[in-house]
Amino acid sequence: MTPFMNPRNAAQERYNNALTHTRSIVERTIGQLKRRFHCLHSELRIEPSRACKIIVACVVLFNMSKMYSAFEEVDELEEEGQEAEEVHEANHLQQDFQQAGFAVRDAIVNAFFN
């Protein structure tokens, strides 16, 4: 925080950083899903309710494969040449940003919906 930045701007900057980081993770995960499940790579030409079931099934299988290490997947961060320590640090940042995001969400809920 610079000396001339007020706390509200600092909070907005942290929020924007968290949002940017979260969006990056979401986009990377969608890319991994599309690579693993070719049906997600192009248009699903079926009824929306059936498409939702297919997408959910793919995500469940993807999460199970991550949980049980059924597939060896090289993380994109490592593909770009970053060391394992940086990946570990990024995971901690993700958790910090996620907690900050939850706090912002809770503040919005309390301010406008209580």
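The values are calculated or read from the model by the stated rules, or taken from the named source; none is laboratory data. Keep in mind it's a predicted model, so treat the numbers as computed, not measured. As a convention, Cβ positions derive from the backbone with ideal geometry for all residues, glycine included, and neighbour counts pool all protein chains shown. These accessible areas exclude ligands, DNA and RNA; they are computed on the full protein's heavy atoms, side chains included. Shrake-Rupley method; radii C 1.70, N 1.55, O 1.52, S 1.80 Å.
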SER69 vs (1) open to solvent by 70 Å² or more (accessible area, probe 1.4 Å); (2) small (Gly, Ala, Ser); (3) at pLDDT 90 or above: all pass except (3)
Tell me, yes or no, whether region 4-18 has at least one residue that is closer than 28 Å to GLN99 by Cα and modelled with pLDDT of 90 or more.
-> no
The condition of being in contact with a helix residue (DSSP H, G or I) (Cβ under 8 Å, 6 or more places away or on another chain), modelled with pLDDT under 70 and part of a helix (DSSP H, G or I) holds, among GLU89, GLU78, only for GLU78
The condition from (1) open to solvent by 60 Å² or more (accessible area, probe 1.4 Å); (2) modelled with pLDDT of 90 or more; (3) under 22 Å from GLY101 (Cα atoms); (4) out of contact with any Phe, Trp or Tyr (no Cβ under 7 Å at 6 or more places or on another chain) that THR22 misses is numbered (4)
The correct count of residues that are open to solvent by less than 60 Å² (accessible area, probe 1.4 Å) and touching a Lys or Arg at 6+ places or on another chain (Cβ under 7 Å) in region 25-54 is 1
